[in-house]
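> Encoded as structure tokens, here's the structure I'll be asking about.
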Amino acid sequence: MKKIILTGDRPTGKLHIGHFIGSISSRIALQNSGDYDKLFIMIADAQALTDNYGNVQKVRDNILNVALDYLACGLDPNKCCFFIQSMVPALTEITFYFSNLVTLARLKRNPTVKEEIKLRGFEESIPVGFLTYPISQAADIGAFGTTIVPVGEDQRPMIEQAREIFRSFNSTYGEVFAIPEAIIPKTKSQARLVGTDGKGKMSKSLGNCIYLSDEPEVIKQKIMSIYTDPNHIKVSDPGKIEGNVAFEYLEAFATDESFKKYLPEYKNLDELKAHYRKGGLGDVKVKLFLNNVLQELLQPIREKRKILEKNPEKVYEILFKCSKEANLIAEETLRKMKQAMGINYQDYFAKK
Ligand code: ATP
Ligand code: MG
């Protein structure tokens with residue numbers, strides 16, 4: 001079976017360290033392994049409009065931000081096809097036929113959508129487009145014959161729903177869609193990186209992010225004010241690791257190498273945690289260590305991005321070229337769907 005990878009991001013802001021650890025690092029590993037037939041990365045502008053319909057400019061402006069972040073992280077346009085969702089109109093038509101295969105009750109059960117509705121304060125006034133975005137996400141995945149989807153934990157229910165839609169289509173009309181697998185980081189902190197406020201996942205829409213392009217002093221200031229253990233007041237107090245954002249981030253980003261380089265009095269994270277739990281280790285020391293780890297990760301990304309920012313037209317050129325290529329592939333899938341459904345009337349009646 002062909003190995004086709006598809007993943008994407010909503011252009012609702014610049015990318016953050018949660019994207020990096022939850023999804024971009026897997027994409028880069030897959031890209032560098034060379035072990036795939038095609039790698040698609042979609043900037044999901046149409047999906048972003050489902051909850052930003054009144055703010056098109058935000059979505060439009062962030063297409064460039066997201067693409068710059070991809071390139072700065074090392075995603076290579078010679079190896080990946082970066083495209084803009086709304087420039088592939090076949091996706092909308094595929095969504096329309098898929099929507100017959102999903103019930104309203106099933107959509108309402110999706111735990112990620114439920115949480116997002118709550119966080120966005122939609123209550124009963126949910127735009128239909130927002131509630132149904134998992135169907136359009138299934139169209140994005142299915143249109144390219146995707147077999148692997150590298151994503152964060154919040155996307156697990158979307159992939160599950162897409163798999164159900166593909167099975168339903170295949171059994172109702174005939175085999176058109178491969179059943180894809182999600183690749184989700186194994187550790188909890190990486191699969192769902194918590195926001196700096198410690199309340200929920202780090203999310204562009206919630207403003208609790210450390211962005212890949214943040215300046216060094218901004219990164220430091222954000223780290224120094226992250227949520228830790230409110231009862232750990234004096235250095236000598238025993239501290240709690242659970243729910244402590246500093247330790248969540250160290251879990252996700254620090255390696256034994258980081259300890260050797262920046263905090264050699266501890267061998268690894270387990271030793272640091274044990275000391276914190278016992279008492280005698282202050283938050284400032286932990287945060288300064290975390291600052292060193294994140295500054296090292298983000299410096300080359302930020303610097304590369306600054307160079308790329310000077311030539312936005314080159315970035316748009318890549319996006320437009322890939323979007324055309326993606327459109328041809330999605331149109332071919334739509335043709336196969338219509339053939340399986342028997343609504344390819346010209347061919348169908350020509351044969352009679
Ligand atoms: P928005 O708030 O607009 O939904 P977001 O920050 O949730 O933005 P998305 O564009 O929805 O970002 O997600 C893009 C990809 O990054 C998805 O694969 C998603 O699972 C992953 N991702 C997003 N946030 C995190 C996070 N905090 N930890 C790990 N992975 C994440
Ligand atoms: Mg999201």
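> For the stretch 188-208, give me each residue that is in contact with a Gly (Cβ under 7 Å, 6 or more places away or on another chain), within 15 Å of ligand 2 (Cβ to nearest atom) and in contact (Cβ under 8 Å) with a residue 24 or more places away in the chain.
Narrowing the stretch 188-208 to residues in contact with a Gly (Cβ under 7 Å, 6 or more places away or on another chain): 190-193, 198, 201-204, 206, 208.
If we keep only those that are within 15 Å of ligand 2 (Cβ to nearest atom) as well, we get 191-193, 201-204, 206, 208.
Ala191, Arg192, Leu193, Lys201, Met202, Ser203, Lys204, Leu206, listed by residue number.
> Considering each residue of the stretch 5-14, count those that are near ligand 1 (Cβ under 8 Å from one of its atoms) and either more than 23 Å from Arg60 (Cβ to Cβ) or within 10 Å of the chain's Cα centre (by Cα) (or both), and give that number.
The total comes to 4.
> Among the listed residues Asp76, Asp45, identify the single one that is closer than 30 Å to Ile301 by Cα, surrounded by 17 or more Cβ atoms within 10 Å (Cβ to Cβ) and modelled with pLDDT of 95 or more. Step through it out loud before you land on a result.
Details: Asp76 fails: surrounded by 17 or more Cβ atoms within 10 Å (Cβ to Cβ).
Answer to the check: Asp45.
> Also, I was wondering about something else. Just to verify a result, which residue in the stretch 209-242, among those that are in a loop (DSSP other than H, G, I, E, B) and under 26 Å from Lys304 (Cα atoms), is farthest from ligand 2 (Cβ to nearest atom)? Steps first, please.
So the first thing to find is which residues in the stretch 209-242 are in a loop (DSSP other than H, G, I, E, B), and the list is 209-210, 212-215, 225-242.
The next check asks that each one be under 26 Å from Lys304 (Cα atoms); those that pass are 209-210, 212-215.
Values: Cys209: 12, Ile210: 16, Leu212: 16, Ser213: 18, Asp214: 19, Glu215: 24 Å.
Of everything passing the filter in the stretch 209-242, Glu215 is farthest from ligand 2 (Cβ to nearest atom).
> Please go through the stretch 15-41 and pick out each residue that is more than 7 Å from ligand 1 (Cβ to nearest atom) and part of a helix (DSSP H, G or I).
Ile17, Phe20, Ile24, Ser25, Ser26, Arg27, Ile28, Ala29, Leu30, Gln31, Asn32, Ser33
> Would you check which residues across the stretch 229-265 are within 22 Å of Leu297 (Cα to Cα), over 27 Å from the mean Cα position of the chain (by Cα) and touching a residue at least 24 places away in the same chain (Cβ under 8 Å) and list them?
Scanning the stretch 229-265 gives Lys261, Tyr262, Leu263.
> So, one more: Please indicate, with yes or no, whether at least one residue in the stretch 184-193 is modelled with pLDDT of 95 or more, of a type in the set (D, E, K, R), more than 25 Å from Ala138 (Cβ to Cβ) and in contact with a Lys or Arg (Cβ under 9 Å, 6 or more places away or on another chain).
Looking through the stretch 184-193, none of the residues is modelled with pLDDT of 95 or more, of a type in the set (D, E, K, R), more than 25 Å from Ala138 (Cβ to Cβ) and in contact with a Lys or Arg (Cβ under 9 Å, 6 or more places away or on another chain).
> So, one more: Since Gly198 meets every condition but one in (1) assigned to a loop (DSSP other than H, G, I, E, B); (2) buried (at least 19 other Cβ atoms within 10 Å of the Cβ), which condition does it not meet?
Only one criterion is unmet by Gly198, namely (2).
> Might you let me know whether the stretch 171-180 holds any residue that is more than 13 Å from ligand 2 (Cβ to nearest atom), under 22 Å from Asp51 (Cβ atoms) and assigned to a helix (DSSP H, G or I)?
no
> Evaluate the stretch 144-163: report whether one residue or more is aromatic (Phe, Trp, Tyr), buried (at least 23 other Cβ atoms within 10 Å of the Cβ) and within 14 Å of ligand 1 (Cβ to nearest atom).
Initially, the stretch 144-163 is screened for residues aromatic (Phe, Trp, Tyr), giving 144.
Now restrict to residues that are buried (at least 23 other Cβ atoms within 10 Å of the Cβ): 144.
Right, trim to within 14 Å of ligand 1 (Cβ to nearest atom) and you get none.
No, every residue in the stretch 144-163 fails to be aromatic (Phe, Trp, Tyr), buried (at least 23 other Cβ atoms within 10 Å of the Cβ) and within 14 Å of ligand 1 (Cβ to nearest atom).
> I'd like to check something: does the stretch 167-177 contain any residue that is under 16 Å from the mean Cα position of the chain (by Cα) and surrounded by fewer than 20 Cβ atoms within 10 Å (Cβ to Cβ)?
No: the stretch 167-177 contains no residue that is under 16 Å from the mean Cα position of the chain (by Cα) and surrounded by fewer than 20 Cβ atoms within 10 Å (Cβ to Cβ).
The values are calculated or read from the model by the stated rules, or taken from the named source; none is laboratory data. Note that the coordinates shown come from a computational prediction; the quantities given were computed from them, not determined experimentally. Note that each Cβ is placed from the backbone with ideal geometry, even for glycine, and that neighbours are counted across all protein chains shown.
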